[in-house]
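Colleague: Pasting in a structure now, in structure tokens, and then I'll have a few things to ask.
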Amino acid sequence: MTDQRIYNFNPGPAALPLEVLEEIQAEFTNYKGCGMSVVEISHRSRWFDDIINDTIERTRRLMNLGDNFQVLFLQGGASMQFCMVPLNFLPPDRSADYVDTGTWSTKAIKEARILGKTVDVVASSEGKNYTCIPHNIPFNPAAAYVHITSNNTIKGTQWNRFPDTGTVPLIADMSSDIMSRTFDVEPFGLIYAGAQKNIGPAGVCMAIIRNDMLERIPENLPSMLKYTTYAAKNSMYNTPPCFAIYTVQLVLKWLEEKIGGLEKMEVINRQKADTLYHYLDSTDFYRATAEPDSRSMMNITFRIKDERLEQRFVSEALENDLGGLKGHRSVGGCRASIYNAMSPGAVAALVEFMREFERING
Ligand SMILES: Cc1ncc(COP(=O)(O)O)c(C=O)c1O
């Protein structure tokens, strides 16, 4: 038990900026003088209209989206997208290319196949234990789309450069690195991200969709599983996850106004990740698990040479107010998730603890 906030390295739900939590707290019982909490107002009210529209506008500005993109808010997590993507964009007479870079892309492939869709796994890093991102991928120019996972939360790898798929639309699961860096959105037909790592709490999934993709969607799908339903109703066909969207709004406000946008955020994220990787590379006691050219800026996965020490590492770190450092149960080891809200000071504190742990146990 502690009466103060710890450094939270959880992979998601994850740390949010303290300013955001305090703002929520300050206006929680009476939202902007309306006499009601933000969790009590109607999603059809002008207050909520302002919230959702401002969240969309901030997304547009932060990601430099053209008029040809729409920003949608869905439920069902990123996992729901694993079935919505093939339902909406993969007709029976076409195939789609998928790149398998570990757990979440494997799940996306599995869901598409459950629907009886034709999925080609055009590249996989399974043979290398998912420690890298594949290169020189033989994409099919006739594919309906190419699906990738831009950051592999569990394996600690990230696409540092997106693949060139020609005219075939790219679809990316950006759950664990959305708004962590700048990139050209134009080749992407769809970007989706569960909010609970970099931009908010669990309960909402952001989708950024290019208008031409909306034209491909068949009519005969259930309303809640069609992107067109959300696009036609400003994501309010039914009651949206109001509180989660409101929190995303405040996180994006922090990103724009306090950090200064994605370019600045990327510089900070790069510095944080470099600090950790430089330390990991400087010692034999620890070992970063991802190959250098595929390393994630968001989830730094590592092992201790003597793996028996890992459990002690995680629990002693927590005693020192550094939480959430256990690797995913499917891979073991350790993982520091350092999303946007994680300060450089927290990373410095982690490195200091790691150095001391090595001194005592090395
Ligand atoms: C890259 C990625 N995709 C998908 C998911 C699943 O997200 P959700 O729990 O929102 O369905 C996660 C969760 O950690 C993830 O990291």
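Values in this text are rule-based calculations from the coordinates and carry no lab data. This structure is a prediction, so every number in the text was calculated from the model and none was measured. We place every Cβ from the backbone using ideal geometry, glycine too, and count neighbours over all the protein chains shown.
Colleague: If R0 is 51 Å, what FRET efficiency do you get for Val39 and Arg359 from their C-beta distance, rounded to 0.05? Before the final figure, lay out each step's value.
Modeller: Numbers: r = 48 Å, r/R0 = 0.94.
Once the sixth-power term is evaluated, E becomes 0.60.
Colleague: To check my understanding: the extent here is largest minus smallest coordinate of the Cα atoms along each principal axis. What are those three numbers for segment 42-144, in Å, largest first?
Modeller: 52, 29, 25
Colleague: Sticking with this structure for a sec: Rank these for me by crowding, Met213, Met174, Met80, Met298, going from fewest to most other beta carbons within 10 Å.
Modeller: Working: Met213 22, Met174 25, Met80 17, Met298 30.
Sorted ascending by nearby Cβ count, the order is Met80, Met213, Met174, Met298.
Colleague: Run the numbers for Ala232 and Asp284: contour at 0.36 nm per residue of separation, minus the present Cα-Cα distance, in nm. Kindly include the intermediate steps, with their values, before the conclusion.
Modeller: On the way: separation 52, 0.36 × 52 = 18.72 nm, distance 5.56 nm.
Computed gain between Ala232 and Asp284 is 13.2 nm.
Colleague: Continuing with the same structure: Report relative contact order for segment 5-130 in percent, whole number only (criteria: Cα-Cα under 8 Å, sequence separation at least 6). The partial results should precede the final answer.
Modeller: Working: 85 pairs, mean separation 17.9, N = 126.
With pairs under 8 Å counted, the relative contact order is 14 percent.
Colleague: Taking the alpha-carbon centroid of each part, what is the distance from segment 289-335 to segment 30-109 in angstrom?
Modeller: Centre-to-centre (Cα) distance: 31 Å.
Colleague: Follow-up question, since we're still on this one. Could you check the spin-label model distance between Asp50 and Arg308? Points 7 Å from the Cα along Cα→Cβ, value in nm.
Modeller: Placing both labels 7 Å beyond Cα along the Cβ direction yields 6.2 nm.
Colleague: Something else: Mind jotting down a quarter of the surface of the convex hull over the alpha carbons of segment 151-255, in square nanometres, one decimal? Let's see the in-between values first.
Modeller: Details: hull surface 31.0 nm².
Mean projected area for segment 151-255: 7.7 nm², to one decimal.
Colleague: If you don't mind, there's one more thing I want to ask. Taking Rh as the Kirkwood radius, which is the inverse of the mean 1/r over Cα pairs, what is the Rg/Rh value for segment 202-274? Kindly include the intermediate steps, with their values, before the conclusion.
Modeller: Numbers: Rg = 16.6 Å, Rh = 14.9 Å.
So for segment 202-274, dividing Rg by the Kirkwood Rh gives 1.11.
Colleague: Got a sec to turn the phi values of segment 33-41 into Karplus ³J(HN,Hα) couplings, 6.51 cos²θ - 1.76 cosθ + 1.60 with θ = phi - 60°, whole Hz, x for Gly and Pro?
Modeller: Values per residue, Gly and Pro as x: x, 8, x, 9, 6, 4, 8, 10, 7 Hz.
Colleague: Let me ask you something else. Taking just the alpha-carbon atoms of segment 309-362, what radius of gyration and Dmax come out, in angstrom?
Modeller: Rg and Dmax of segment 309-362, Cα atoms, are 11.2, 32 Å.
Colleague: Also, quick follow-up: Distance cut-off 24 Å, Cα to Cα: go down the list Lys197/Lys264; Lys128/Lys272; Lys32/Lys253; Lys32/Lys258; Lys107/Lys197 and report the pairs above it. Let's see the in-between values first.
Modeller: Working: Lys197/Lys264 19 Å; Lys128/Lys272 26 Å; Lys32/Lys253 16 Å; Lys32/Lys258 21 Å; Lys107/Lys197 19 Å.
The answer is Lys128/Lys272.
Colleague: In what order do Thr106, Thr149 fall by count of nearby beta-carbon atoms within 10 Å, going from fewest to most? Display every interim value, and only then the final one.
Modeller: Details: Thr106 17, Thr149 29.
If I rank by nearby Cβ atoms, fewest first, I get Thr106, Thr149.
Colleague: Can I ask one more? If you restrict to DSSP beta bridges whose two residues both lie in the chain, what percentage is antiparallel, to the nearest 5?
Modeller: That works out to approximately 55 percent antiparallel.
Colleague: Additional query: Project the alpha carbons of segment 194-236 onto their principal axes and report the range along each, largest first, in whole Å.
Modeller: Its Cα atoms span 32, 20, 15 Å along the three principal axes.
Colleague: In addition: What's the exposure ranking of Lys226, Lys197, Lys128, going from fewest to most Cβ atoms within 10 Å?
Modeller: Lys128, Lys226, Lys197
Colleague: If you don't mind, there's one more thing I want to ask. In terms of the ratio Rg/(2.2 N^0.38 Å) built on C-alpha atoms, what value belongs to segment 105-178?
Modeller: Values: Rg = 12.2 Å, N = 74, 2.2 N^0.38 = 11.3 Å.
Here the Cα radius of gyration is 1.08 times the empirical estimate.
Colleague: Apply the Karplus parameterisation 6.51 cos²θ - 1.76 cosθ + 1.60, with θ equal to phi minus 60°, to every residue of segment 210-222 and state each ³J(HN,Hα) to the nearest whole Hz, in sequence, with x for glycine and proline.
Modeller: 7, 4, 5, 5, 5, 6, 8, 7, x, 6, 7, 10, x
Colleague: Averaged over every viewing direction, what's the projected area of the C-alpha convex hull for the chain? Give it in nm², one decimal, please.
Modeller: Working: hull surface 74.2 nm².
Taking a quarter of the hull surface, the average projection is 18.5 nm².
Colleague: Using the membrane-span-like helix rule (whole DSSP H runs, Cα extent along the own axis of at least 15 Å, mean Kyte-Doolittle hydropathy at least 1.0), which helices of the chain qualify? Provide the component values of the computation, followed by the final result.
Modeller: Values: long enough: 46-63 (25 Å, -0.88); 77-89 (18 Å, 0.92); 103-114 (16 Å, -0.53); 242-253 (17 Å, 1.52); 262-281 (27 Å, -0.80); 344-361 (25 Å, 0.26).
Helices passing the filter in the chain: 242-253.
Colleague: Enumerate the calculated ³J(HN,Hα) couplings along segment 4-11 in order (Karplus 6.51 cos²θ - 1.76 cosθ + 1.60, θ = phi - 60°), each rounded to whole Hz, writing x wherever the residue is Gly or Pro.
Modeller: 10, 6, 9, 6, 9, 9, 4, x
Colleague: Taking the Cα-to-Cβ direction at Leu21 and at Arg61 and moving 7 Å from each Cα, how far apart do the two end points lie in nm?
Modeller: 2.6 nm
Colleague: If you look at just the Cα atoms of segment 252-362, how large are its Rg and its Dmax in Å?
Modeller: Rg, Dmax (Cα atoms, Å): 14.4, 45.
Colleague: Please compute the Kirkwood hydrodynamic radius over segment 10-92, one decimal place, Å, based on all pairs of different Cα atoms. Each step should come with its number before you reach the end.
Modeller: Numbers: mean 1/r = 0.0626 Å⁻¹.
Averaging 1/r across every pair of different Cα atoms and inverting gives 16.0 Å.
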